[in-house]
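Notes follow once the structure below has been shown.
The values are calculated or read from the model by the stated rules, or taken from the named source; none is laboratory data. Only a predicted model underlies this, so the values are computations on that prediction, with no experimental measurement involved. Cβ sites come from the backbone with ideal geometry, for glycine too, and all protein chains shown count toward neighbours.
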Amino acid sequence: MKKSMLTPAILICSMMMFPVNANAFWLDIVKEFIAGGIKTIVMPKKITSALAVTETKPAKPAAEAPKTNADPAPEDIFEALNKLNNICMEISKSVPCSIGEGRGLSTGMARDKALAKARIEMANSIGTYVDNNTKVDAQSDMDDAGVFKETENFLTSGKLKTEQFVSGAHQYMSYTYIDEAGTELNKGRAVYVTTIVMVMNPEIFGKALEDVSKNKPLSDQIIRESRKGMVAILRTAIKKI
């Protein structure tokens, strides 16, 4: 590993697909990572400490985001990534997604831990999604041939496990940074923190982000598309029993 990797900086490694027309300030910042416009930045300890104990501020409208060639401020970058994490947790009831964070003395160690946690959280997210839709079906005619109720019965009996559905999940984004405070406590040896965002359908998740970035509730179309995709996944799993 190069020596420059051990300096107190944030190394962001991103893989993501975003809708072209998403214009919110926080989403613009994240898209800069995708395009390679932002690489390594110094993240003062006071910024990470402050953001760790405060809620993410509301997204700034696109009109307020000046178009300049300068990189966003470190606190704006960290806040944008926190915003993405918060949104994932908010919409997972309709569009299953999960977040896993891992810490380690190497990027590989941090990544492995983050991936394991993201998979566990995705299994939990799917379990919650099935339960919520089972209740919805019980109160309406949207029963999709009873697939949610049938899945819940198989989960309860142990014939199915939510972990079986995680194999179809996709890694939507990952980013890694060096924890400056942790590195100091570790006598200068770099401590890496990796966060992984995992989704079942990257395209639908991207559409959901576009809605949220415009301060809109998730559209019925997105919710229906998400449901349709999950029904197909659940039916396939049931057929294998």
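Among the residues of region 89-100, the ones that are of a type outside the set (Val, Ile, Thr) and buried (at least 24 other Cβ atoms within 10 Å of the Cβ) come to 3 in all. Restricting attention to region 101-116 and to residues that are surrounded by 18 or more Cβ atoms within 10 Å (Cβ to Cβ) and either charged (D, E, K, R) or assigned to a loop (DSSP other than H, G, I, E, B) (or both), the residue that is modelled with the lowest pLDDT turns out to be Arg111.
Is it fair to say Arg235 is within 28 Å of Lys159 (Cα to Cα) and touching a helix residue (DSSP H, G or I) at 6+ places or on another chain (Cβ under 7 Å)? Yes, satisfied. Within region 75-102, residues that are of a type in the set (Lys, Arg) sit with their Cβ atoms under 8 Å from residues that are part of a helix (DSSP H, G or I) and buried (at least 22 other Cβ atoms within 10 Å of the Cβ), at 6+ positions apart or across chains, in these pairs: Lys83/Trp26; Lys93/Tyr129. Residues that are crowded, with 20+ Cβ neighbours inside 10 Å, touching a strand residue (DSSP E or B) at 6+ places or on another chain (Cβ under 7 Å) and in a helix (DSSP H, G or I): does region 123-144 have at least one? Yes, region 123-144 contains at least one residue that is crowded, with 20+ Cβ neighbours inside 10 Å, touching a strand residue (DSSP E or B) at 6+ places or on another chain (Cβ under 7 Å) and in a helix (DSSP H, G or I). The number of residues in region 55-84 that are under 12 Å from Trp26 (Cα atoms), loosely packed, with under 15 Cβ neighbours inside 10 Å and either of a type in the set (Asp, Glu) or at pLDDT 85 or above (or both) comes to 1.
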